[in-house]
Amino acid sequence: MKKLRIVLMSVVVILFSAIMAVAQEKPQTLTLPSVVGSNMVLQHSTTVNIWGWAKPKAKVTVACDWVEGKPVKIKADAEGFWMTQVPTLAAGYTPHAITIKSGKEVKELTNILFGEVWLCAGQSNMEWPVRKTPDMKGDLEGELNPNIRLYNTGHIYAATPQNDVPKQKKHITKWSVCNARDLKGFSAIGYGFGKELQEALNVPIGLIDVAYGGTQIQGWLSAETIQSNPHIVKILQKNRHRTWKGKESQLYNANIYPIRHATIAGVIWYQGCTHIASNAYWRSLEALVKSWRVEFRSEQLPFYIVQIAPHTYGGIRGAQIREAQARVADKFEGCELVVTNDQNQIPGDIHPPKKVEVAHRLALCALGAHYQKSDAPFRSPAYESMAVEGNSVRVSFKNVPTTLVQKGEGRINGFQLGVTDPANEKKIVFTLAEAKIEGNTIVVSAEGVVNPVAVRYCFNEDVGNVYSAEGLPLAPFRSDKNNRSLSARPYVEKPSEITVKFVGEGFTKSTFAEGSHVWPNLEYKFSDEMPKEFEGFEVLTCNTVEKSEVSLSGTITAMEKGKIYVLTTNHGVVRKKGWKLLIPTWTRMLRENGKKWGTFYIAEREVEAGEVVELPKAKKYPYGAMLLAKTIEY
């Protein structure tokens, strides 16, 4: 029955393809899509499609040098479309060729290998190129593996389904043997994943990169998929995205539709950041998995989902996206989840720069779940159940082969205990908690908390530090399903209460507290959403917020050894200047009408007594940063 369903789905896809071809110009020459070309990798030990276009009703012959007998003969349809299926050999490094003829026209495809073909899709973290990846840059300088082949669709979208990936001014879409020029702009995660598979499986690897930064998931769904799902239609009616509103399906049209006849081994997917304001992301992700499995004619096509990493998302919005990703991965056979709540190398950067570890976790999924070539665990520890023990909670987990461990010194991050809100029984109030690992369970308790009813771990933007002994991070979770209840603010280390001296002009000293002014010449005030650990510190606010070429600055002298702090709304101001952004320290501002606006974060920097540091500044920005300290001499 499964094989019959796949055949029926394939027929539907082929018929739909023929119908869509009507909308495009009828071909007058023998033409192939860019995904069918020299240097390509064909999925081994199966049957694959070879297709293209010729003059309407023209005869086409396809000769594969590995297939004995006469060439396959096909007749193009009324729109010029033709397609045939050919068997492929076992994976190997012997190059092969295909000759395609129509009349006097001939297409010679050479240097073709049989191996494993994977689709690498998503937004900017999947798109993030090798040239920007610190732990991969060395690959661009060494000898590259010719048995890895690259196909990159570039940055493209289209209003209607396209027969081929549309041409672009600065990008040529074609298969290439792995080389430094093409690799530097290729997906770092895709390449790292493919490189590890090639070494472990010892077969050629074909990688198809269709990632596009900043995109919404509905852009990757066909119009038919969207229209058949009233929930997604309703979601899109509320879509206010500045770039992608009204462009639903356009990424699919230009990137997926043109390659849908290809045979692939599986999909790695890293996307979700553009949906932080949505609590129904799972519906679109579920539709994506289902529809792509139909498109690529495989009911259980491996689909590996990477969770979005901690960032500066407020409340539990980011956590809800991670929960949705885990929900879909759990629902479908052949789906796996890659946990990344420890991947936060530069706090405040939505793009964790080191991609090797994420690629490795994806490869573990493929080698363990799909290829069954590795005994290494590939599933992260995940919540299973909780049991109240007095005023503590014992949490049990699945996917723990031996035991849980903590990485790094200090406290275990991210655990919170919840009690019923006495003012509203439908709401849970969460408190930061202490956690103790006992084998494959964790005991959670918090001072002053009695009768706990729920437990959460990293269900905010906290960075996790609990792993299986085998090295995979504990997945974020909540035992409750209460969306009315916000998690507590992540843990903030007690700040240094040192005195600093500031030399500079254009600032006013005030107190960092609820209701105090952010800027003396405007009515903006700090709201009650502020880290209480810093409440009462002194802060230097700018006297003006008028735009200038360079923001105000000055020098900070540390009178004692410890840490100095600044407030900033622009993460880039401090990110590369020796400061560390503290994600848990967000602070909102209030307008005159009481509405909240804008978000400040605190960044810290370790200093020695007497050390002089410049207050960070920014070009074409009203203010770079505002000094924050227990005592400021100014």
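Ser176 meets each of the listed conditions (1) out of contact with any helix residue (DSSP H, G or I) (no Cβ under 6 Å at 6 or more places or on another chain); (2) over 21 Å from Leu221 (Cα atoms); (3) in contact (Cβ under 8 Å) with a residue 60 or more places away in the chain apart from (1). Checked against the criterion of being assigned by TED's automatic domain parsing to the domain that holds His351 and within 18 Å of Arg456 (Cβ to Cβ), the candidates Gly318, Gly334 yield just one match: Gly318.
Okay, residues lined up against (1) modelled with pLDDT of 95 or more; (2) closer than 26 Å to Gly368 by Cβ; (3) in contact with an Asp or Glu (Cβ under 8 Å, 6 or more places away or on another chain):
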site: Pro401; (1), (2), (3): yes, yes, yes
site: Glu409; (1), (2), (3): no, no, no
site: Thr431; (1), (2), (3): yes, no, no
site: Ala469; (1), (2), (3): yes, yes, no
site: Leu474; (1), (2), (3): yes, yes, no
site: Arg484; (1), (2), (3): no, no, no
site: Val500; (1), (2), (3): yes, no, yes
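What do you reckon, is Glu505 within 29 Å of Glu592 (Cα to Cα), assigned to a loop (DSSP other than H, G, I, E, B) and either in contact with a Cys (Cβ under 6 Å, 6 or more places away or on another chain) or of a type in the set (D, E, K, R) (or both)? So Glu505 fits the description; yes.
Inspect segment 411-419 for any residue being charged (D, E, K, R), closer than 20 Å to Ala319 by Cα and surrounded by fewer than 22 Cβ atoms within 10 Å (Cβ to Cβ) and give the result as yes or no. No: segment 411-419 contains no residue that is charged (D, E, K, R), closer than 20 Å to Ala319 by Cα and surrounded by fewer than 22 Cβ atoms within 10 Å (Cβ to Cβ). Hey, can you tell me all the residues within segment 142-170 that are crowded, with 18+ Cβ neighbours inside 10 Å, part of a loop (DSSP other than H, G, I, E, B) and charged (D, E, K, R)? Once the filter is applied, which keeps residues that are crowded, with 18+ Cβ neighbours inside 10 Å, part of a loop (DSSP other than H, G, I, E, B) and charged (D, E, K, R), segment 142-170 yields only Asp164.
Quick grid of which residues meet (1) out of contact with any strand residue (DSSP E or B) (no Cβ under 6 Å at 6 or more places or on another chain); (2) more than 25 Å from Ala618 (Cα to Cα); (3) in the same structural domain as Val453 (by TED's automatic domain parsing):
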position	(1), (2), (3)
Arg484	no, yes, no
Thr508	no, no, no
Tyr524	no, no, no
Met530	no, no, no
Ala558	no, no, no
Thr569	no, no, no
Trp579	no, no, no
Pro584	yes, no, no
Thr587	no, no, no
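Of all the numbered requirements in (1) aliphatic (A, V, I, L, M); (2) under 28 Å from Gly572 (Cβ atoms); (3) crowded, with 20+ Cβ neighbours inside 10 Å, Ala363 misses one, and that requirement is (2). Regarding Thr431, is this residue among the hydroxyl-bearing types (Ser, Thr, Tyr), over 30 Å from Val203 (Cβ atoms) and in contact with a Leu (Cβ under 6 Å, 6 or more places away or on another chain)? Spelling it out, Thr431 is indeed among the hydroxyl-bearing types (Ser, Thr, Tyr), over 30 Å from Val203 (Cβ atoms) and in contact with a Leu (Cβ under 6 Å, 6 or more places away or on another chain).
Which ranges mark the strands (runs of 3 or more DSSP E) fully within segment 517-634 that have 2 or more residues being touching a helix residue (DSSP H, G or I) at 6+ places or on another chain (Cβ under 9 Å)? Answer list for segment 517-634: 562-568, 580-590, 596-607. The residue pairs whose first member lies in segment 223-246 and is free of Cβ contacts under 8 Å to residues at least 40 places away in the same chain and surrounded by fewer than 13 Cβ atoms within 10 Å (Cβ to Cβ), whose second member is in a loop (DSSP other than H, G, I, E, B) and among the hydrophobic types (A, V, I, L, M, F, W, C), and whose beta carbons are closer than 9 Å, counting only pairs six or more residues apart or on different chains, are Lys234/Ala280; Arg240/Ala277.
Each residue in segment 432-462 was checked for being in a loop (DSSP other than H, G, I, E, B), among the aliphatic types (A, V, I, L, M) and within 25 Å of Ile321 (Cα to Cα), and 2 pass. In the set Glu79, Glu116, only one residue is of a type in the set (Asp, Glu), closer than 28 Å to Leu221 by Cβ and in a strand (DSSP E or B); that residue is Glu116. Please verify whether Ser496 is assigned to a loop (DSSP other than H, G, I, E, B), out of contact with any Cys (no Cβ under 9 Å at 6 or more places or on another chain) and hydroxyl-bearing (Ser, Thr, Tyr), treating the condition exactly as stated. Criteria met by Ser496. Taken over segment 449-467, the residue count meeting the criterion of being over 23 Å from Thr340 (Cβ atoms) and modelled with pLDDT under 95 is 0. Checking the structure you have, find out if any residue of segment 462-473 is outside the structural domain of Ala558 (by TED's automatic domain parsing), in contact with a Gly (Cβ under 6 Å, 6 or more places away or on another chain), touching a residue at least 24 places away in the same chain (Cβ under 8 Å) and of a type in the set (D, E, K, R). Checked against the condition, which is being outside the structural domain of Ala558 (by TED's automatic domain parsing), in contact with a Gly (Cβ under 6 Å, 6 or more places away or on another chain), touching a residue at least 24 places away in the same chain (Cβ under 8 Å) and of a type in the set (D, E, K, R), segment 462-473 yields at least one hit. Filtered by the rule that a residue be part of a loop (DSSP other than H, G, I, E, B), surrounded by 20 or more Cβ atoms within 10 Å (Cβ to Cβ) and under 32 Å from the mean Cα position of the chain (by Cα), segment 34-58 gives Val35, Val36, Asn39, Met40, His44.
The values are calculated or read from the model by the stated rules, or taken from the named source; none is laboratory data. As the structure is a computational prediction, the values presented were derived from the model and not from experiment. Every residue, glycine as well, gets a Cβ built from its backbone with ideal geometry; the counts of neighbours run over all protein chains shown.
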